[in-house]
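Report on the structure given below.
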Amino acid sequence: MVRPGVVILALCVSAPALAQDKPDAKDSAAIEQCVTAKTGRHWAWEQCIGLISEKCSAHEERMSPADVIACYAREQAVWDDILNKSYRALMNALEDDQKTKLRGMQRAWIASRDKNCEFLYDYFQGSMANPMMAACQSRATGLQALYLRGFADDVAGRK
Amino acid sequence: MRIALVLGLIASLSTPSLAQVQKPDPRDAAVIVQCLESAAANGDKQDRCIGIVSMPCLQDDKTNGTTLGMETCGDREFAVWNNLLKRAILQLRSELDSEQRAKLDAMQDAWSASLAGSCSFYWDYFKGTMAGPLIAQCMSDETGRRVLFLLGFLDDTGFLDGKNGK
């Protein structure tokens, strides 16, 4: 049974294995601009998640699943880039015990993200699960990228 | 994610801990459930309901300027989401076949491990009592996101109808 609400939620939400290697420079700039604008007292970085993919897949009903998946992969490439840069910046700045914790945390997050997004397939058991999994992966990567970015910005601010 | 905001609000130090599991305040539960229902009815993202109790609590100077007070804001909202989470898992488990149930349980275990690692990292990073409010906020936000993820599998079953997370 397909529940429309699940589709809507999953597509509003977001996966890294499908991401393209290098993010589009314009996409990266748009996300950075959003993050900057959402910084301050009314902190709302999360609102930047979906900025690229939602516009790209706005007419999803008329798009092929592959094209919808490509939209999420496009945005995920940006988040993967932010995540990797933030992770590296932290690794370069932390003490040994903190590095161990960071590594463990990141591994736990990857395991959780994979199981979460795979569950969409387990639940829907059909090809329609693929765009949902791409959305799940993209959103999850965005959330983790922003989480690590918070620490990376703090590290940069201490220098 | 709200690290800078919460850091900016910290005025003094207190003892940090992972969010205390307390009984949700019915008023807090009602605020969150009404927000979820309203967002669903209007086609808005339910993400906006995350922080709807803790952020006003932090910003309306109800914390007495202490980290303990700030932790309380996160703990209050966490209590509501945690209650909703437990109910959502129970309901979803009851609707799944045994194979899917096993996947759900494995997924939930992985999420719990990730949650613990992510939120306790604030302590590992700051190595001080100022991590307390950040941990409380992390627990609340992440549990809220978890509820929204699971609600996506439940939202045509009237999960929120007539219930307020008590």
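No lab work stands behind these numbers, since they all come straight from the coordinates. Since we're looking at a predicted model, the values are computed, not measured. Note that each Cβ is placed from the backbone with ideal geometry, even for glycine, and that neighbours are counted across all protein chains shown.
Considering chain A at the alpha-carbon level, its Rg and Dmax are found to be 16.2, 54 Å. Note on B:Cys57, A:Cys117: ascending count of other Cβ atoms within 10 Å places them as B:Cys57, A:Cys117, the fewest first.
Tell me what chain A gives for mean residue ellipticity at 222 nm when only DSSP H runs of n ≥ 4 count, each as -39,500 (n - 2.57), the sum divided by the residue total, rounded to 500 deg cm²/dmol. Working shown, then result.
On the way: 6 runs with 114 residues, N = 159.
So the calculated ellipticity at 222 nm is -24500 deg cm²/dmol.
Along segment A:60-71 the Karplus relation, 6.51 cos²θ - 1.76 cosθ + 1.60 evaluated at θ = phi - 60°, assigns HN-Hα couplings of 3, 5, 9, 9, 6, x, 5, 5, 5, 4, 5, 4 Hz to successive residues, with x for each Gly and Pro.
Stokes-Einstein D for segment B:78-131 at 25 °C, 0.890 mPa s, Kirkwood Rh over Cα pairs, in µm²/s? D = 189 µm²/s. The residues A:Met105, B:Met139, when put in order of fewest to most other Cβ atoms within 10 Å, stand as A:Met105, B:Met139.
Could you tally up the Lys pairs in segment A:24-158 with alpha carbons closer than 23 Å? Skip any pair fewer than 8 positions apart unless they're on separate chains.
8
Shape index of segment A:67-140: Rg/Rh, with Rg the Cα radius of gyration and Rh the Kirkwood radius from the inverse mean 1/r over Cα pairs, equals 1.09.
Arranged by the count of other C-beta atoms within 10 angstrom, fewest first, what order do A:Val68, A:Val155, A:Val35 take? Walk me through the numbers before you get to the answer.
Details: A:Val68 22, A:Val155 16, A:Val35 19.
Ranked by crowding around the Cβ, least crowded first: A:Val155, A:Val35, A:Val68.
Cross-link reach is defined here as a Cα-Cα straight distance under 15 Å, omitting same-chain residues fewer than 8 places apart; for B:Lys103 the aspartates and glutamates meeting it are A:Asp114, A:Glu118, A:Asp122, B:Glu95.
For the pair segment B:72-89 and segment A:59-134, the centres of their Cα atoms are 25 angstrom apart. Counting only aspartates and glutamates at least 8 places from B:Lys23 when in the same chain, those with an alpha carbon closer than 12 Å to its own are B:Asp75, B:Glu77. Rounded to whole numbers, the Karplus 3J(HN,Hα) couplings from phi for segment A:138-148 are 5, 5, 4, 5, x, 5, 5, 4, 5, 4, 5 Hz, using 6.51 cos²θ - 1.76 cosθ + 1.60 with θ = phi - 60°, and x at Gly and Pro. At 10 °C and 1.306 mPa s, grab the translational diffusion coefficient of segment B:25-156 from Stokes-Einstein with a Kirkwood Rh over Cα pairs, rounded to a whole number in µm² per second. Taking Rh from Cα pairs, D becomes 101 µm²/s.
Neighbours of A:Tyr121, meaning other residues whose beta-carbon lies under 12 angstrom from its beta-carbon, give a summed charge of -1 when Lys and Arg score +1 and Asp and Glu score -1.
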